[in-house]
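The values are calculated or read from the model by the stated rules, or taken from the named source; none is laboratory data. As the structure is a computational prediction, the values presented were derived from the model and not from experiment. Cβ sites come from the backbone with ideal geometry, for glycine too, and all protein chains shown count toward neighbours. Each accessible area value is taken on the protein alone, full model and side chains, heavy atoms only, with ligands, DNA and RNA left out. Shrake-Rupley method; radii C 1.70, N 1.55, O 1.52, S 1.80 Å.
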Amino acid sequence: MLRLTDHELNLTELFSPQVFLGAELERMKDADDAERGAIYTRAEVVEFILDLSGYTTDKSLFEFRLLEPSFGSGDFLLPALERLFIVAKNAGKTAHELLGAVRAVELHRQVFAETREKVIALAQRFGFAHVEATILADAWLVNGDFLIESIDCGFDFIVGNPPYIRQEMIPALLLAEYRRRYASLYDRADLYVPFIERSLTLLSHDGKLGFICSDRWMKNKYGGPLREMIAQGYSLRYYVDMVGTAAFQKEVIAYPAITIIQRSQHGTMRLAHRPEVSTEKLARLRRQITGSPAQFNGTVIEMPRVPRGSAPWLLEADAQPSLALVRRLESRLPTLAEAGCSVGIGVATGADKVFIGPFDGLDVEDERKLPLVTTRDLCLGGVKWRGMGVVNPFEADGTLADLTRYPRFAAYLDKNAELLKARHCAQKNSQAWYRTIDRITPMLATTPKLLIPDIKGEAHISLENGQLYPHHNLYFILSSEWPLPALQAVLMAGIAYLFVRAYSTKMHGGALRFQAQYLRRIRLPLWSSLSASDQAQLSVAATKEDHATILSMTCQIYGITGDEQKHLTHLI
């Protein structure tokens, strides 16, 4: 039997994943604000979240447990402690009796130390001796990574503003450990998502989580596992859309929302949207949203609980009036895929400066380039090609082209080899260093399709008759059943906008994302379910661009009533 020597054991320990993970955590403890995703919340918003969560001075707060998972400079922690100290002082509680009332975690070393001193000073201000204040601070505060630190469960209140950190900012070994622990760190989820997941697992029965963070997870693909987790054992009690409000101490584009989630199953949730951030206005909103429906005054909306499973949450104010129509159409009509349509996205090359240029100027064999369509080519529902092209390294069967068969192509690649080989996709597979990130399927260029730009204020859908290959900033729809002119007409009669507005996250300025995950939500009657007369009338109207007839026919085949027609207001 082989045995490791003491020296070999020491080396194994030295180079173990745990050692490297510890080193990464130590480095993160000294990261700057940007690296650690620090965004500071305004005091008025903090007080509102504490009130909405129920951490209020009319309760015996010393009998409850509070957790702050990323306390930073103390934006949430210090106001919460002040409430606890007020109640404890009035009840004559000792420091010893408060030891279990709070747990707060912060990774950054210097920020932790500075806030610890603030906690000690606050405790002293409420009459605790310095030694007692120090004991409380050391019992309550943890300098560590909330996602890895050992923390007992059973918290009645968890509040805060979790860090905004993209996955690419997280060291690889640390990211792998997070992924191992948290199912919600899925697809492109930011770090605040597993913060929510872990916080929810630490709640007591009926405990409440009150966070302000990005609302992207409520609709995007990456939020699916977290939404499913909440639907199975929790309830969204209150949702306050804070996009465009002065929620933070400095202006940031963060798409924030306040969510109060409870560990229990409740029948309804209450929503409010974009309140004015002031002590008076937020106090009034808190009374309205927690009071009887008679107090709503059009400011608060009560809805059934969030849907089962991982389905997106449709909570925006402007989506609510048309939501009943969307749900009705979903209950009776097929999806795009079921109606014979498919949705895709154009090619991402990973090096547009190399792969894309004027078609006639790309010095490769004709077989190795395709005419390219971008958003700049789209106009008035059609395409006016500007003459750009894309170099195609793929054969029709999906294999990479043999460079020995294409000397001009090989020379072109050799001239740009340094840049191409530096790409991540090339480093993962050195034999395929000259591929585009996405596979190019030449047949797509010759297939008629509808083209849709990603970010738009309304549905801009162009018909491309099968001559051009779409770039990455364009989504496309193919149809094996519906004639494309008729499909284009129906989608532009407000149907595409109706569904995408309901499901899409909004960008800064109010633009929607016309992405595949939202386009696939569109409902469409089977072409074969339409009468021959309706098919002919719709096709003629599409050809003549007869918008009045298109809108009338769309309402007829969808069963949209005259009153519901107001939701189809984006005919282009």
Heavy-atom accessible area per residue - the chain, 1.4 Å, Å²: 45 Å²
The chain, dipole about Cα centre (Lys/Arg Cβ +1, Asp/Glu Cβ -1), debye to the nearest 20: 940 debye
Share of carbon and sulfur in the accessible heavy-atom surface of the range 444-567 [1.4 Å probe, %]: 50 percent
Percent carbon-and-sulfur accessible area, the range 47-188, ignoring ligands, DNA and RNA, probe 1.4 Å: 51 percent
Net +/- balance of residues flanking V119 in space, Cβ distance below 15 Å, scoring K and R +1, D and E -1: -3
Accessible-area composition of the range 275-367, carbon plus sulfur, in percent [1.4 Å probe]: 52 percent
Positive minus negative residues near P293 (Lys, Arg vs Asp, Glu; Cβ under 11 Å): 0
Filtered trypsin sites (Lys or Arg not before Pro), the range 293-398: DSSP coil and at most 13 other beta carbons within 10 Å: R308, K384, R386
Listed pairs K89/K118; K369/K449; K250/K506; K506/K566 exceeding 26 Å between Cα atoms: none
Candidate lysines for bridging to K428, where Cα separation is under 24 Å - those fewer than 8 sequence places away on the same chain excluded: K353, K415
Charge tally in the Cβ shell below 15 Å around K221, where Lys, Arg are +1 and Asp, Glu are -1, K221 excluded: +2
Residue-averaged 222 nm ellipticity for the chain, from DSSP H runs of 4+ at -39500 (n - 2.57), nearest 500: -10000 deg cm²/dmol
